[in-house]
Amino acid sequence: MNATRPTSVSVPWCAWSQVSVFHENKIMYVPGKASNAGGVAVSGLEMAQNSQREHWTRKTTDEYLQKIMRDIYGQISADEYESLEQGT
């Protein structure tokens, strides 16, 4: 991998019509909401833990967060792969 060339990018102001530039250059586009999902997910996990009046270990919280982020990445990867294959 070339360290000077990104393999993924999150540009919150990028119009969908401009995403093709990233695809043409084999750069994965990550929507802003997905790239910021970790913080939002942790907040949601904290609220769930508090509402259930439970105490989760750091390990348990991290396992929940990793699953959430894997699911998001899997969906983005599938969408990106399909877009790259179709050339859109």
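Read-outs throughout are calculated quantities, based only on the coordinates presented, and are distinct from any laboratory measurement. What you see is a predicted model; the values in this text were computed from it and never measured. Note that each Cβ is placed from the backbone with ideal geometry, even for glycine, and that neighbours are counted across all protein chains shown.
Go ahead and run the numbers for FRET between SER43 and ALA15, Cβ-Cβ distance against an R0 of 35 Å, rounding to 0.05. Please list the in-between numbers first.
Details: r = 28 Å, r/R0 = 0.81.
With R0 = 35 Å, the Cβ-Cβ based efficiency is 0.80.
What FRET efficiency comes out for the pair TRP56/SER77, r = Cβ-Cβ distance, R0 = 41 Å, nearest 0.05?
Values: r = 28 Å, r/R0 = 0.68.
After rounding, the FRET efficiency stands at 0.90.
Need one number: convex hull volume per residue for the range 18-68, Cα atoms only, in Å³.
Working: hull volume 4.0 nm³, N = 51.
Cα convex hull per residue, to the nearest whole number: 78 Å³.
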